[in-house]
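Visitor: Quick one: this structure, given as C-alpha cells, is what I'll be asking you about.
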Amino acid sequence: MARVADKEPMMLVVETPQDLSKHIGRRTGDHQWIHVDVERAKREMPGGKTIAHGYLTLSLLPRMMPELLKVTKRSRGVNYGSNKIRFVSPVPAGARVRLRSTIKNVEPVEGNGVRITFEAVIEVEGQERPAMVAETLGIQYA
C-alpha cells in the first residue's frame with residue numbers, strides 16, 4: 001500500500017462490501033501530496049504550505065451561508081444542487097476565509113416555495129483572487 005510520509009495508508013482496496021468489516025478502525029488518507037505532505041509542500045509548493053482540498057472549501061457553504069441569510073417564516077429548506085463550481089485559487093493551510101454571496105434569481109416552486117440561485121464566493125484573507133466561485137441552488141418553503 002502506498003503511504004504519505006510513511007505514516008498513513010492512502011487507499012484501502014477490498015473485493016466485496018463484506019470485506020470492509022475486517023478493517024473496522026483502519027485509517028485511510030488523502031492521496032494528493034499537496035494536501036497532506038507538509039515537508040514536500042515546504043519544498044515544492046508556492047508559499048511552502050499544503051492547501052485545502054477544493055471540496056473541503058465547498059463543504060463550508062452550508063455552515064457559512066446561515067451567517068449571511070435567514071428567512072424567519074419558513075417551514076423548511078433544502079439544497080437543490082449546483083450549476084457551476086470553480087476552484088480559482090488555493091486555500092493555504094491555516095488561512096482565514098470568508099463567504100460573499102449574491103442572490104441571482106428567485107423563482108416559485110410547487111408547494112409554496114421558492115428556488116433561489118446564489119453566487120457564492122469564498123475569499124481568502126490576503127489573496128486578491130477568490131478561492132472558489134460557485135452557483136448554488138436552494139429551495140425554501142413557507
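Visitor: Going through the range 42-99 one residue at a time, which ones are touching a residue at least 60 places away in the same chain (Cβ under 8 Å), small (Gly, Ala, Ser) and under 30 Å from Gly113 (Cα atoms)?
Guide: Answer for the range 42-99, where residues must be touching a residue at least 60 places away in the same chain (Cβ under 8 Å), small (Gly, Ala, Ser) and under 30 Å from Gly113 (Cα atoms): Ser75, Gly77.
Visitor: Still on this model: Looking at this structure, is Leu60 under 16 Å from the mean Cα position of the chain (by Cα) and under 30 Å from Leu12 (Cβ atoms)?
Guide: So Leu60 passes the test.
Visitor: I'd like the full set of residues that are assigned to a helix (DSSP H, G or I) and either β-branched (Val, Ile, Thr) or in contact with a strand residue (DSSP E or B) (Cβ under 6 Å, 6 or more places away or on another chain) (or both), limited to the range 29-38.
Guide: Within the range 29-38, Ile34, Val36, Val38 qualify.
Visitor: Something else: I need a count of the residues in the range 103-142 that are of a type in the set (Ser, Thr, Tyr) and farther than 18 Å from Gly54 by Cα.
Guide: Going through the range 103-142 one residue at a time, the tally reaches 2.
Visitor: Just the residues that are more than 13 Å from Gly126 (Cα to Cα), loosely packed, with under 14 Cβ neighbours inside 10 Å and out of contact with any Ser or Thr (no Cβ under 7 Å at 6 or more places or on another chain), please, taken from the range 94-106.
Guide: Residues satisfying the conditions are Arg100, Thr102, Ile103, Val106.
Visitor: Okay, moving on. For the range 39-93, name all the residues that are part of a helix (DSSP H, G or I), among the aliphatic types (A, V, I, L, M) and surrounded by 14 or more Cβ atoms within 10 Å (Cβ to Cβ).
Guide: Selection gives Ala41, Leu58, Leu61, Met64, Met65.
Visitor: Then there is this: Would you call Arg115 assigned to a loop (DSSP other than H, G, I, E, B), among the charged types (D, E, K, R) and surrounded by fewer than 17 Cβ atoms within 10 Å (Cβ to Cβ)?
Guide: No, not satisfied.
Values in this text are rule-based calculations from the coordinates and carry no lab data. Every value quoted in this text rests on a predicted model; they were computed, and no experiment measured them. Positions of Cβ are generated from backbone atoms using ideal geometry, with glycine treated the same way; all protein chains shown enter the neighbour counts.
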